[in-house]
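The values are calculated or read from the model by the stated rules, or taken from the named source; none is laboratory data. Please read all numbers here as calculations on a predicted model, not as lab measurements. Cβ: placed from backbone, ideal geometry, glycine included. Neighbour counts: every protein chain shown.
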Amino acid sequence: MVRITRRLLGLVTLAAPVAARAQAWPDRPVRLVVPYSAGGVADTIARILQARVAEHLGQSFLIDNRTGASGAIGAAAVHAAPADGHTLLFEGATFATLPEVRRDLPFDYGAAFVPVVQVTTQPYIIGIRAGFPATDLAGFVAEAKRRPNEVTYGTPGVAHIGHFMGEALQLAAGIRLEHVPFRGGADVARELAAGRIDAGIISYSSLRPAVERGATLIASTAGQRQASLPQIPVIAETFPGYDMSSWTGVFAPAGTPEVAMQRMAQAMRAALADPEARRRLEAAGADAVESDPAAFAAVIRRDRETARRIVAATGLRVG
């Protein structure tokens with residue numbers, strides 16, 4: 001027989017409201033922290049899905065841009081929030097690359113967050129400014145060889161996945177470029193459009209304003225041409241074996257109730273199933289992904305291993 005002591009009864013009494021709150025999730029607006037500037041790929045994708053997710057959650061679904069430090073500032077804000085499912089992180093492949101070079105991060109990404117659901121996958125595109133003395137990847141590489149460490153390229157931050165893509169291109173092509181970090185893809189596109197950097201490695205959706213100002217899209221980082229962007233050649237056509245893409249996904253602070261994470265994943269998948277949302281994602285150069293947490297975790301492990309190999313080959317270190 002189990003004796004029901006006052007202490008045990010108290011624990012049961014305290015646990016009941018906590019369990020009830022978890023089952024009722026969400027009981028207030030849900031905040032999705034996007035750690036990059038408005039207009040970048042992560043922000044664009046989040047806003048395409050925002051209304052549909054809110055509809056399925058039955059609560060407001062708020063986008064909160066917290067920029068800086070290649071996503072680390074936004075991640076820190078989510079890490080510091082209560083692990084109740086009402087504050088979540090929307091990250092890309094930089095979630096896998098950043099910890100490989102930033103030894104000064106205040107927390108362990110792998111221990112601090114739990115992958116909830118992968119949302120999209122998308123390559124990045126190399127765009128070059130109007131007036132650059134080349135119009136294709138071969139010409140770009142030739143110019144970089146002629147002027148080592150002088151041709152500049154921008155990405156959404158040091159140790160961002162775009163930075164790693166640039167490092168991988170330099171290894172493949174035998175060139176040295178000058179990296180210029182920004183706070184997000186929209187900032188890269190603005191500087192590219194103004195001609196203040198020679199190239200940018202960012203998402204297709206972020207590059208479009210620069211294209212309207214004369215920038216040229218010369219190559220995709222994907223292993224093969226996208227069905228939605230067949231006109232853009234891939235780097236692998238010039239340098240076989242090159243294959244790097246980014247993705248977006250939702251993360252929760254460790255300790256978040258399982259029911260909250262499951263319901264968030266269900267709401268995101270329902271939003272992705274909407275034909276109009278898929279059309280808008282494809283127009284932005286992104287493909288919707290049907291994934292479970294285990295498959296998402298495998299993608300993150302793969303990208304961390306790729307990042308380790310690039311770090312070993314280049315000696316890249318940030319902090």
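Listing for the model above:
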{"item": "Filtered residue count, the range 265-319, keeping only those that are at positive phi and free of Cβ contacts under 8 Å to residues at least 24 places away in the same chain", "result": "1"}
{"item": "Residue ID - modelled with the highest pLDDT, chosen from residues in the range 162-185 that are hydrophobic (A, V, I, L, M, F, W, C) and in contact with an Asp or Glu (Cβ under 8 Å, 6 or more places away or on another chain)", "result": "Val180"}
{"item": "Residues satisfying the stated conditions in the range 23-42, i.e. in a helix (DSSP H, G or I) and surrounded by fewer than 24 Cβ atoms within 10 Å (Cβ to Cβ)", "result": "Gln23"}
{"item": "Which listed residue, of Gly154, Gly184, Gly200, is within 20 Å of Phe95 (Cβ to Cβ) and buried (at least 24 other Cβ atoms within 10 Å of the Cβ)", "result": "Gly184"}
{"item": "Residue match in the range 46-68 (condition: of a type in the set (Val, Ile, Thr) and touching a Pro at 6+ places or on another chain (Cβ under 7 Å))", "result": "yes"}
{"item": "Residue that is farthest from the chain's Cα centre (by Cα), among those in the range 210-237 that are crowded, with 17+ Cβ neighbours inside 10 Å and of a type in the set (Ser, Thr, Tyr)", "result": "Thr216"}
{"item": "Residues within the range 91-138 that are among the charged types (D, E, K, R), at pLDDT 95 or above and crowded, with 20+ Cβ neighbours inside 10 Å, tallied", "result": "2"}
{"item": "Meets criteria (crowded, with 18+ Cβ neighbours inside 10 Å and either among the β-branched types (Val, Ile, Thr) or modelled with pLDDT of 95 or more (or both)) for Ala277", "result": "yes"}
{"item": "Subset of the range 176-224 [touching a residue at least 40 places away in the same chain (Cβ under 8 Å), of a type in the set (Lys, Arg) and under 20 Å from Ala42 (Cα atoms)]", "result": "Arg183"}
{"item": "Test: residue in the range 56-78 that is on the phi < 0 side of the Ramachandran plot, of a type in the set (Ser, Thr, Tyr) and at pLDDT 95 or above", "result": "yes"}
{"item": "Whichever residue in the range 252-291 is acidic (Asp, Glu) and out of contact with any strand residue (DSSP E or B) (no Cβ under 8 Å at 6 or more places or on another chain) and, among such residues, is nearest to Gly85 (Cα to Cα)", "result": "Glu258"}
{"item": "Contacts under 7 angstrom Cβ, first residue in the range 111-128 being assigned by TED's automatic domain parsing to the domain that holds Gly85 and more than 30 Å from Tyr153 (Cβ to Cβ), partner at pLDDT 95 or above and of a type in the set (Gly, Ala, Ser), 6 or more apart", "result": "Ala111/Ala254; Ala112/Ala254; Val114/Ala252; Val114/Ala254; Val116/Ala252; Val116/Ala265; Val117/Gly249; Val117/Ala265"}
{"item": "Residue within the range 291-302 that is hydroxyl-bearing (Ser, Thr, Tyr), surrounded by 20 or more Cβ atoms within 10 Å (Cβ to Cβ), out of contact with any Phe, Trp or Tyr (no Cβ under 6 Å at 6 or more places or on another chain) and closer than 26 Å to Ala51 by Cβ present", "result": "yes"}
